[in-house]
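These notes concern the structure reproduced below.
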Protein chains: 2
Amino acid sequence: MTHRISVELATTKRPKPDVSKIGFGSCFTDHMFMMDYDADKGWHSPQILPYQPIMMDPAAKVFHYGQTIFEGLKAYRTADGRILLFRPQQNLKRLNRSNERMSIPDVDEELALEALRQLVLVDQDWIPREEGTSLYIRPYVFATEPLLGVAPSRQYKFMIIMSPVGSYYAEGIHPVRIHVESEYVRAVAGGVGQAKTAGNYAAGLKAQEKASEQGYSQVLWLDGVHRKYIEEVGSMNVFFRIGDKVVTPELNGSILAGITRDSVIQMLGSWGVEVEQRRLSIEELFEAQEQGRLVEAFGTGTAAVISPVGELNWENRKIIIGEGRTGELSARLYNELTGIQRGELADPFGWVLELKGTVSATS
Amino acid sequence: MTHRISVELATTKRPKPDVSKIGFGSCFTDHMFMMDYDADKGWHSPQILPYQPIMMDPAAKVFHYGQTIFEGLKAYRTADGRILLFRPQQNLKRLNRSNERMSIPDVDEELALEALRQLVLVDQDWIPREEGTSLYIRPYVFATEPLLGVAPSRQYKFMIIMSPVGSYYAEGIHPVRIHVESEYVRAVAGGVGQAKTAGNYAAGLKAQEKASEQGYSQVLWLDGVHRKYIEEVGSMNVFFRIGDKVVTPELNGSILAGITRDSVIQMLGSWGVEVEQRRLSIEELFEAQEQGRLVEAFGTGTAAVISPVGELNWENRKIIIGEGRTGELSARLYNELTGIQRGELADPFGWVLELKGTVSATS
């Protein structure tokens, strides 16, 4: 099945930024994708058009009741000029899982992938070529019906915008200091923690501010029920190398099913490293440290890929992990994952999708 | 201190709807209030202008990270033509408490009250006069900075829109059937349940849909930790008359501090009825019913004021409360509260604020 996406090209192109000098997600490409949903028509009118402000009714439900979900992935330019996406189908599957939880109608994943493909190709000059850079892609859905009743919207927009991003580790990969949060909670089982929805991120801001004020770069979230089991770190999944195993919290309903998380689990398995997905308490972690068995820790996510953790502070108890240096597995995972993402290493898992072709304006 | 709010009047006025025939929050008045925030300028440019779509950058943070809060209150037209607001200062105090939790800058409550006053006066012809009708007022704040980094926005809009609403009980006050939710959770202590923020409402949609499919009109939420203590019903606070006392869940951090809730507690106190604010488990409630001590139940909120509960269904155990009829206290509270709100009864609590004067266009 082919999908007819209308394409209107920008008449003027904006200058490309120096990605080493801009912050994450601050500069957007010349085009965007947009598709509308109405309860009586379904999803309709898929289009690529020049990046531009959108008109919103002030009563649109997204402003009031937060019915919205998003995804994040990256396009990479290889040394030989090819364009690669990393497991985009997984993002689209998760997008629909998030939609389901938030009472938003499904998006056709085949159409969404075609939209991704065409949009990246249209703006392929925006994919930066410098080491460690990429084009960040943000698909998202939000409720637009202008109605204040608390009920699922009957109108939505599905959009994709893109932003060139510099190297996360321009000054070299370095472990971060993490504050273990005991007061605030990100999500709880039965809630929406496993959905990539706006409210989870809004809910985390206060603790993040508190951690930043105290000199920590991220928050480690504990579960909302017992306040003792590890959930996520900032907006990343988290892994700990304890003895000869790697442990990561199991997907319990309040943790996001990260695609980098899944890739790390598969990759470690292929190396013969045992990975346990289970409940892991903060006490167990501190005990493992005391016993000298906590070897390394790292977060996983689309932005950083692998983010080594060098320090944890929990209720004024501080531990330094791996002497504050990047661990062996962290470094190897980072190199192998980014190598596959950039087409520099073989892709035994079939993770990358090469985008080819050109896209012309429709008339 | 006077606040200079610029006023641009609509050149054409839209026809007023028959409020008995429109749904809640579907039709908006001729004008709206808008004020912008920039990190370097603070809140600025307060203005009343014709109701119209707003231009939003597709990267605006509200679409992605849900940093937004809102309030809801009503303006009433008395039989003798006066215009009354009910405890608007309480809404503005709560607005700033919500702002604080969501890392949104404070709004000047005095300016916000003046904005409410002027906007209602400009559109005073929109306040319906029929029995039980009112003008619903929706102040809200949302993040507008076009930046995908997960951090508090440096730009916001504070807006107020208004919608004439029909009588909640056009066919007479009637008790509703409630589904006690055991799978999904609305909020948890440490989260954002006590803030009037979008994500809480998005989080509740799925359970609401499930309840509706089973023929229930609302969900009763249990706490996210023990899954046994009563929190709210739909988006209302909830009260139970057990024996000679009235019990309502205490404000524990995951429950919204309703203004109608507070008014009911004060009013019951003035009648000599003892009100306990404490943890109340669903088991205790079902036991009280078995013992014949559960006399009545009702929800409280701005929309319905008092909403009697006639039936609870919890894991296939069903109880009928008060023989499914509106209870004595529910009826009296409804009559007294709405009587004060509409200026038909004396206001010993000093709750109503009369709006007077006219507003002209600024030049």
- Task: Assess whether A:ALA303 counts as being among the aliphatic types (A, V, I, L, M) and assigned to a helix (DSSP H, G or I).
- Result: no
- Residues satisfying the stated conditions in the stretch B:320-353, i.e. buried (at least 18 other Cβ atoms within 10 Å of the Cβ) and either under 18 Å from B:VAL247 (Cβ atoms) or in contact with an Asp or Glu (Cβ under 7 Å, 6 or more places away or on another chain) (or both): B:ILE321, B:GLY322, B:GLY327, B:LEU329, B:SER330, B:LEU333, B:ILE340
- Message: For the condition of a type in the set (Val, Ile, Thr) and in contact with a Ser or Thr (Cβ under 8 Å, 6 or more places away or on another chain), what is the one hit in A:VAL273, A:VAL225, A:VAL238, A:VAL295?
- Response: A:VAL238
- Message: Name the residue that is nearest to A:LEU205 (Cα to Cα), counting only residues in the stretch B:162-184 that are surrounded by fewer than 19 Cβ atoms within 10 Å (Cβ to Cβ) and of a type in the set (D, E, K, R).
- Response: B:GLU183
- Residue check, B:PHE86 within 14 Å of chain A (Cβ to nearest Cβ) and either touching a strand residue (DSSP E or B) at 6+ places or on another chain (Cβ under 8 Å) or of a type in the set (Asp, Glu) (or both): no
- Note on the structure: Counting only residues that are touching a Pro at 6+ places or on another chain (Cβ under 7 Å), among the aliphatic types (A, V, I, L, M), buried (at least 17 other Cβ atoms within 10 Å of the Cβ) and at pLDDT 95 or above, the stretch B:11-58 contains a total of 4
- Pick out the one residue from A:LEU220, A:LEU205 that is modelled with pLDDT of 95 or more and away from every other protein chain (no Cβ under 13 Å). A:LEU220
- Of all residues in the stretch A:65-85, how many are over 16 Å from A:TYR201 (Cα atoms) and under 12 Å from the mean Cα position of the chain (by Cα)? 2
- Given the conditions (1) within 14 Å of chain B (Cβ to nearest Cβ); (2) within 20 Å of A:ASP30 (Cβ to Cβ); (3) of a type outside the set (Asp, Glu); (4) in contact with a Pro (Cβ under 9 Å, 6 or more places away or on another chain), which single one is not true for A:LYS74? (4)
- Listed by first then second residue, the pairs whose first member lies in the stretch B:54-66 and is more than 7 Å from chain A (Cβ to nearest Cβ), whose partner is among the small types (Gly, Ala, Ser), with beta carbons under 8 Å and at least 6 positions apart or on separate chains, are B:ALA60/B:ALA143; B:LYS61/B:ALA143; B:LYS61/B:SER153
- Could you check A:ASP38 against (1) within 14 Å of chain B (Cβ to nearest Cβ); (2) over 24 Å from the mean Cα position of the chain (by Cα) and say which number it fails? (1)
- Message: Restricting to the stretch A:162-176, and then to whatever is in contact with a Lys or Arg (Cβ under 9 Å, 6 or more places away or on another chain) and not in a loop (DSSP other than H, G, I, E, B), can you tell me which residue is farthest from the other protein chains (Cβ to nearest Cβ)?
- Response: A:PRO164
- Restricting attention to the stretch B:188-203, the residues that are among the aromatic types (Phe, Trp, Tyr) and either assigned to a loop (DSSP other than H, G, I, E, B) or closer than 13 Å to A:VAL188 by Cβ (or both) number exactly 0
- Query: Assuming A:GLU183 fulfils every condition listed in (1) within 11 Å of chain B (Cβ to nearest Cβ); (2) within 21 Å of the chain's Cα centre (by Cα); (3) more than 30 Å from A:ASN99 (Cβ to Cβ) apart from one, which condition is it?
  - Reply: (2)
- Message: Testing B:ASP57 on (1) among the acidic types (Asp, Glu); (2) under 23 Å from the mean Cα position of the chain (by Cα); (3) within 30 Å of A:ILE48 (Cα to Cα), one condition comes back false. Which one is that?
- Response: (2)
- Note on the structure: Of those in the stretch A:140-161 that are away from chain B (no Cβ under 11 Å) and crowded, with 21+ Cβ neighbours inside 10 Å, the residue farthest from A:ILE173 (Cα to Cα) is A:TYR156
- Message: One residue is enough: does the stretch B:145-158 have a residue meeting the conditions aliphatic (A, V, I, L, M) and not in a loop (DSSP other than H, G, I, E, B)?
- Response: no
- Note on the structure: A:GLU110 passes all but one of the listed conditions (1) part of a loop (DSSP other than H, G, I, E, B); (2) more than 14 Å from chain B (Cβ to nearest Cβ); (3) under 21 Å from the mean Cα position of the chain (by Cα); (4) surrounded by fewer than 17 Cβ atoms within 10 Å (Cβ to Cβ); the exception is number (1)
- Item | Failed item, numbered, when A:GLY324 is tested on (1) at pLDDT 95 or above; (2) over 21 Å from A:GLN124 (Cα atoms); (3) small (Gly, Ala, Ser) | (1)
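The values are calculated or read from the model by the stated rules, or taken from the named source; none is laboratory data. Here the structure is a predicted model, which is why all the values come from computation and not from measurement. Cβ coordinates were reconstructed from backbone atoms using ideal geometry, including for glycine residues, and neighbour counts include every protein chain displayed.
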